[in-house]
1. Just give me the residues in the stretch 401-423 being surrounded by fewer than 20 Cβ atoms within 10 Å (Cβ to Cβ) and closer than 26 Å to residue 223 by Cα, in sequence order.
2. Of the residues that sit in the stretch 451-480 and are aliphatic (A, V, I, L, M) and within 20 Å of residue 369 (Cα to Cα), which one is nearest to the chain's Cα centre (by Cα)?
3. Give the residues of the stretch 185-218 that are at pLDDT 85 or above, out of contact with any strand residue (DSSP E or B) (no Cβ under 7 Å at 6 or more places or on another chain) and crowded, with 16+ Cβ neighbours inside 10 Å, sorted by residue number.
4. Report whether or not residue 606 is touching a residue at least 40 places away in the same chain (Cβ under 8 Å), closer than 30 Å to residue 546 by Cα and open to solvent by 70 Å² or more (accessible area, probe 1.4 Å).
5. So is residue 440 closer than 26 Å to residue 396 by Cβ, β-branched (Val, Ile, Thr) and assigned to a helix (DSSP H, G or I) or not?
6. Hey, can you tell me all the residues within the stretch 350-393 that are out of contact with any Asp or Glu (no Cβ under 6 Å at 6 or more places or on another chain) and of a type in the set (Gly, Ala, Ser)?
7. Can you name the helices (runs of 4 or more DSSP H) wholly within the stretch 316-413 that have at least 2 residues being farther than 18 Å from residue 431 by Cα and more than 26 Å from the chain's Cα centre (by Cα)?
8. Any residue at all in the stretch 5-21 that's under 16 Å from residue 160 (Cα atoms), at pLDDT 50 or above, open to solvent by 40 Å² or more (accessible area, probe 1.4 Å) and not in a helix (DSSP H, G or I)?
Amino acid sequence: MTSNMDREMILADFQACTGIENIDEAITLLEQNNWDLVAAINGVIPQENGILQSEYGSETIPGPIFDSASHSASVPAPSSSSAFRPVMPSRQIVERQPRMLDFRVEYRDRNVDVVLEDSCTVGEIKQILENELQIPVSKMLLKGWKTGDVEDSTVLKSLHLPKNNSLYVLTPDLPPPSSSSHVGALQESLNQNFMLIITHREVQREYNLNFSGSSTIQEVKRNVYDLTSIPVRHQLWEGWPSSATDDSMCLAESGLSYPCHRLTVGRRSSPTQTREQSEEQSTDVHMVSDSDGDDFEDATEFGVDDGEVFGMASSALRKSPMMPENAENEGDALLQFTAEFSSRYGDCHPVFFIGSLEAAFQEAFYVKARDRKLLAIYLHHDESVLTNVFCSQMLCAESIVSYLSQNFITWAWDLTKDANRARFLTMCNRHFGSVVAQTIRTQKTDQFPLFLIIMGKRSSNEVLNVIQGNTTVDELMMRLMAAMEIFTAQQQEDIKDEDEREARENVKREQDEAYRLSLEADRAKREAHEREMAEQFRLEQIRKEQEEEREAIRLSLEQALPPEPKEENAEPVSKLRIRTPSGEFLERRFLASNKLQIVFDFVASKGFPWDEFKLLSTFPRRDVTQLDPNKSLLEVKLFPQETLFLEAKE
């Protein structure tokens, strides 16, 4: 069996001899020949073009130079019958072809491509970069080598590099480039990506994480928590710049080296953990929520010893109460509770709902099914020995805080004071029933704090779980997730029922709307018809009145006409023949001395009022209605006879 170092050397020589640049392909060919370098080379290079000869043959074939002595331990000795051995052909026959390496070097916002033979040194790369970047070699740190930091005199071939390589330049002794606008430079940094090479100290594992310049230090620490399971408050860092004093600071303004920066993280150790490691304790007591809760055997599971637990409990008693006694307003009481909780255990804690328990019900349950959440009621008790451990280690754990904020409405109450305890039991009896109230009433002090998980149902509120204080973070999370599974199943049913109900209501609303529109359309048609009939009736009435009026005028005119003279009369008589628009003729005799108005009255008495019709003569054509009606027929030359015709006025 060949060692890893031998295999690396065999791989490098195999690539140099065959010119195969793909590492995976080269390794596959070597593995097919059981890492026999000679056999692998002969498998790639045909023997008539190869470098090997039979022990009994006399022909030497030119090919790449290969030194078998350097691999005597890894290459099996040739047999006398069929093996081949490498030979040193004459230099006039063949020369080793140099291997070219490609380097892409990053420096701030620039990329420089360098191509060199593998016989060159690291220092030669720096000399090329000095000309390109205008940075002295003495101020330049060339990073990114897979084997760690290397000397300038190191030959590239000895590093066994692949053909394509990525490096980056650091210049810690040079000030950052000046900018005409600090705001513009900061904006440019915010758009850049930082490579953070983070080493986990305890397991000696390295993580390469990319972050934008706008990411905060807090976001980096939370990502590291996801990778290492070290809570942010327990992380011990090395490598942050001195200017990175605030976790809310973004990476662009924290002073990190661009494009890469190295950091180290470990878990902050406590005196208890140190003592445990030295004593090599092997027994942990895991407390579960359904135990009797009579004994709190081992607090070291939470990272605190007995002295710390009791010291914390006693110090908590000396602090101001979590909640005022006999508080009139529940919202004000919870404001004080939240402020006191933050002062004791830090700002990383569940978001407590500020308001009455009824308001918390409204927020969690009495909304649309998709928006409903579980209600978590935290019952605090300062006199319990478990309280400080539960609050600091479990309730303030980032995973618990995040899970509660996403899926729960969290409401809290302090049962330390008897008045507040009695007040909560009254609320509990009213909302959850006497059984739950009796269960809480019979809990011993050292079984607190309690965590009640409530799920709202159609007609009542169901207590899914009562979690006691003697639990672990993992078990608390499991209990919360189990309650969430039950709630999710119920929520899906509620969503389905709600969707069906809304669909039915939508159909009913659409039907009602269609019916309403139909009624309105019918009513509109009816009203329009009634208006039309009324208008017709009105017009008919007007027409009748007009006709009656015209008939009355006609009759009065007809009665007022002088009698028609006989043809044989002592006075001159004028005979007029009048053609109507329908083609009929009206004939009548008038005295030549009669006024023209009598002719107009005669025509009007026949239904042709002179204000609507005009009376025209033919030769010469003239409008008789335009003549003076007081003149006689003789004066207007309608004597002894004349033919006229009626024409409606425009």
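The values are calculated or read from the model by the stated rules, or taken from the named source; none is laboratory data. These figures come from a predicted structure and were not determined experimentally. Virtual Cβ from ideal backbone geometry, glycine too; neighbours counted across all protein chains shown. The area values use the complete protein model at the heavy-atom level, side chains included, leaving out ligands, DNA and RNA. Shrake-Rupley method; radii C 1.70, N 1.55, O 1.52, S 1.80 Å.
1. Correct list: 401, 402, 403, 405, 406, 407.
2. Residue satisfying both the conditions and the ranking: 480.
3. 217
4. Answer is yes for this residue.
5. Considered against the rule, which asks whether it is closer than 26 Å to residue 396 by Cβ, β-branched (Val, Ile, Thr) and assigned to a helix (DSSP H, G or I), residue 440 comes out as yes.
6. 355, 359, 360, 364, 376, 392
7. Output list reads 330-345.
8. Looking for residues that are under 16 Å from residue 160 (Cα atoms), at pLDDT 50 or above, open to solvent by 40 Å² or more (accessible area, probe 1.4 Å) and not in a helix (DSSP H, G or I), one finds at least one in the stretch 5-21, hence yes.
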